[in-house]
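S.K.: Can you read through this structure? Questions will come right after.
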Amino acid sequence: MRTHYRGRGLIQASLKVEKEDALRLKLDPDKLPTGAIVGSVSIVGCVQNSKSKWAERGQWHWLLENPRVLAKPVPFKGKLGFMHVPDRLLECARFRTVTGAR
C-alpha cells in the first residue's frame, strides 16, 4: 500500500497467525503475539520496486528505520490501515531499541 505518511507508527500483530508464513520465517507460530501492539517504527519513505530481498516486484514498499519493540505487547484489536490509538493505551508501555535492525 502506498503512503505519503512520514513519521513514527505503531506495529500491531494480527488476530490470527498464518502458520505457513511463520514457519517459512523460522518462527514458532504458537509463540507469536496476536491482537496486540508489539512495537513501533519510523516510516521514512515509500518506493516501488525496492531492491530489498523482501520486496515483491510491482508493489509499493515502505522504507523503515529505528524499529523499537515493546517489552510487553499491549492488547489492541485494530483494523487494516492507519488508525488512531488512544494515548492512554501506551502510557505505561516500555519500548526497547532493536539492535542489528536494517
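None of the figures in this text is laboratory data; all of them are computed from the coordinates on show. Since we're looking at a predicted model, the values are computed, not measured. So basically every Cβ, Gly included, is an ideal-geometry build from the backbone, and we count neighbours across all protein chains shown.
S.K.: Work out the length of the dipole vector of region 7-97 about its Cα centre, built from +1 on the beta-carbon of each Lys and Arg and -1 on the beta-carbon of each Asp and Glu, and round it to the nearest 20 debye.
M.R.: The dipole of region 7-97 has a size of about 120 debye.
S.K.: Another one. For region 1-65, which chymotrypsin sites (Phe, Trp or Tyr not before Pro) are both in a DSSP coil and crowded by at most 13 other Cβ atoms within 10 Å?
M.R.: TYR5, TRP54
S.K.: Still on this structure, I have one more. For the pair THR97/ILE11, report the inter-label distance in nm, with labels modelled 7 Å from Cα in the Cβ direction.
M.R.: 1.6
S.K.: Could you tell me which of rounded, prolate or oblate describes region 49-102, using a ≥ b ≥ c as the square roots of the eigenvalues of the alpha-carbon gyration tensor, with rounded for a/c under 1.5 and, failing that, prolate when a/b is larger than b/c and oblate otherwise?
M.R.: oblate
S.K.: Quick one: net charge of LEU15's neighbours, Cβ under 13 Å, K/R +1, D/E -1?
M.R.: Numbers: positive: LYS16, LYS77, LYS79; negative: GLU18.
Surrounding charge for LEU15 is +2.
S.K.: A further question on this structure: Please identify every one of the GluC sites (Glu not before Pro) in the chain that sits in a loop by DSSP and has no more than 14 other beta carbons within 10 Å of its own beta carbon.
M.R.: Loop-located and lightly packed - GLU18, GLU56, GLU91.
S.K.: Ok, one more. Starting with the fewest neighbours, write out LYS53, LYS77, LYS19 ranked by other beta-carbon atoms found within 10 Å of each beta-carbon.
M.R.: Least to most surrounded, the residues fall as LYS53, LYS77, LYS19.
S.K.: How much length, in nm to one decimal, is gained on full extension between GLN48 and ASN66, taken as 0.36 nm per residue of separation minus their Cα-Cα distance? Could the numbers behind the result be given before it?
M.R.: Details: separation 18, 0.36 × 18 = 6.48 nm, distance 2.11 nm.
Between GLN48 and ASN66, full extension yields 4.4 nm more.
S.K.: What's the Kirkwood radius of region 7-97 in Å, using all Cα pairs?
M.R.: 14.7 Å is the Kirkwood radius here.
S.K.: Rounded to the nearest 500, what is the 222 nm mean residue ellipticity of the chain from helices alone, with -39500 (n - 2.57) per DSSP H run of 4+ residues and division by all residues?
M.R.: That calculation yields -1500 deg cm²/dmol at 222 nm.
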